[in-house]
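K.L.:
Please find one structure pasted underneath; my questions will follow.
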């Protein structure tokens, strides 16, 4: 029995990041209940890492675009303010997708960087 615990349950508990103090107070049934929560925690950490990488790349793009002209922002960009714009125009959507967020950000960036020429009124 001790060999089974050492070869099966302890490695399982280590994979779930369960401390030794907690492990020795658990039954196998309780130990198995940790798995879904651990998987969800890992998923959330990956999403946060992905979002962090996305934001980092936005600032990298901004830094590259300042070569030759322009300035790097003095304060953090209001990236999440874009979500309100998307929800305003797309009231049916419950949550903006990453593609919507990137598209809105790209449109806002292009409007700031490449201001469209105003139409001449009266030349219809």
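Coordinate-derived values only; no laboratory data. Quantities reported herein were computed from a predicted structural model and do not represent experimental measurements. All Cβ positions, glycine included, derive from the backbone under ideal geometry; neighbour counts span all protein chains shown.
K.L.:
For a test of the definition: using alpha carbon positions, the gyration tensor, and the 1.5 limit on a/c, classify the stretch 1-70 as rounded, prolate or oblate.
P.N.:
prolate
K.L.:
Which FRET efficiency value, to the nearest 0.05, do you get for residue 9 and residue 99 by plugging their Cβ-Cβ distance into 1/(1 + (r/R0)^6) with R0 = 41 Å?
P.N.:
Efficiency, rounded to the nearest 0.05: 0.40.
K.L.:
Packing-wise, with mean Cβ within 10 Å as the measure, how do 41-48, 59-66, 98-105 rank, highest first?
P.N.:
Values: 41-48: 10.5, 59-66: 12.2, 98-105: 14.5.
Per-residue Cβ counts within 10 Å, averaged per peptide and sorted highest first, yield 98-105, 59-66, 41-48.
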